Amino acid sequence: MIIDQLTVVVIGNFPLLVGLIAGVIMGDVKIGLAVGGTLQLMVLGVGTYGGASIPDFLTGAVVGTAFAVTSGKGLNFAIGLAVPVGLLMVQLDVLARFSNTYFQHRVDKYINVNDTKAVERNILYGTIPWGLSRALPVLIMLTLGNGIVNVIIKRMPEWLTGGLQVAGGILPVVGIAILLRYLPTAKFVAYLIIGFFLASYLKVPMLGVALVGVALGFIYYENHNKTIVKGANQEESQEGEDLDDGEYED
């Protein structure tokens with residue numbers, strides 16, 4: 001997962017796809033999509049630019065899906081576990097970046113002596129700390145979890161498990177709120193109200209709300225184009241009036 005994220009990026013940046021694969025492995029595609037899709041809301045529009053580390057909800061999707069299936073506690077409990085895992089992985093992400101600088105310095109050294117084979121080897125060696133930064137924690141969590149997850153859950157106090165379930169229910173709302181903060185919400189607040197009304201009061205399924213959103217998007221696009229064309233025509237008319245005064249255009 002992490003090597004894909006750093007190279008070809010087929011699935012690496014999408015918890016939804018990571019959750020899907022974890023769900024296939026665990027034998028429950030539905031819960032994998034549910035966990036991955038919920039975590040996807042938390043990372044839309046977020047990137048590790050400039051080497052910054054962000055919560056690793058990709059690993060959270062793997063662990064959350066696995067524990068959701070093995071424990072049978074459901075989606076909210078899985079999300080409640082996946083988020084702390086994602087936050088913990090931030091520290092290991094920093095450690096992986098720090099460890100990888102060793103190989104990068106070796107690459108610089110071999111570039112200076114024009115040893116291209118050694119450069120290639122050390123670039124490949126750099127994938128080792130990256131891979132271990134995810135593989136080892138997941139291995140430890142799943143190895144211990146597969147055998148004792150039920151015991152841990154039974155011994156966990158009810159206030160803690162209930163809190164995790166509540167947190168899991170709130171987090172999707174937090175993800176949407178983060179997205180609304182960076183979107184031109186004030187400009188399209190009428191559309192937001194329409195979507196809220198359809199989902200909350202008319203109980204329209206999410207696909208229906210999405211289709212209404214697409215329709216409104218087409219309407220806005222057409223009206224926006226008409227406004228642009230109208231403005232261009234007015235500019236041409238104004239230029240024509242100026243030329244009627246006996247002037248000519250070069």
What are the lysines whose alpha-carbon lies under 24 Å from the alpha-carbon of Lys187, with same-chain residues fewer than 8 places away excluded?
Lys226, Lys230
Order of Ser99, Ser200, Ser133 from fewest to most other C-beta atoms within 10 Å?
Ser200, Ser99, Ser133
Can you figure out the FRET efficiency of Val8 with Ile193, using R₀ = 35 Å and their beta-carbon distance, to the nearest 0.05?
0.30
Distance in nm between pseudo-label sites at Ile176 and Val24 (7 Å out along the Cβ direction from Cα):
3.0 nm
Under a straight-distance cross-link criterion of Cα-Cα below 17 Å, which lysines are reachable from Lys109, leaving out those fewer than 8 residues away in the same chain?
Lys117
Run the quick spin-label model on Leu216 and Thr101: label points 7 Å from Cα toward the beta carbon, then report their separation in nm to one decimal.
4.8 nm
Which lysines have a Cα lying under 23 Å from the Cα of Lys203, excluding residues fewer than 8 positions away in the same chain?
Lys30
Distance between the stretch 114-132 and the stretch 1-36 - C-alpha centres, whole angstrom:
26 Å
Take Val29, Val35 and order them by how many other Cβ atoms sit within 10 Å, fewest up front.
Val29, Val35
What is the order of Asp56, Asp4, Asp28, fewest Cβ neighbours within 10 Å to most?
Asp4, Asp28, Asp56
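Throughout, read-outs are computed from the coordinates displayed, never taken from laboratory work. Because the structure is a prediction, the values reported are computed rather than measured. Glycine also receives a Cβ, built like all others from the backbone with ideal geometry; neighbour counts cover every protein chain displayed.
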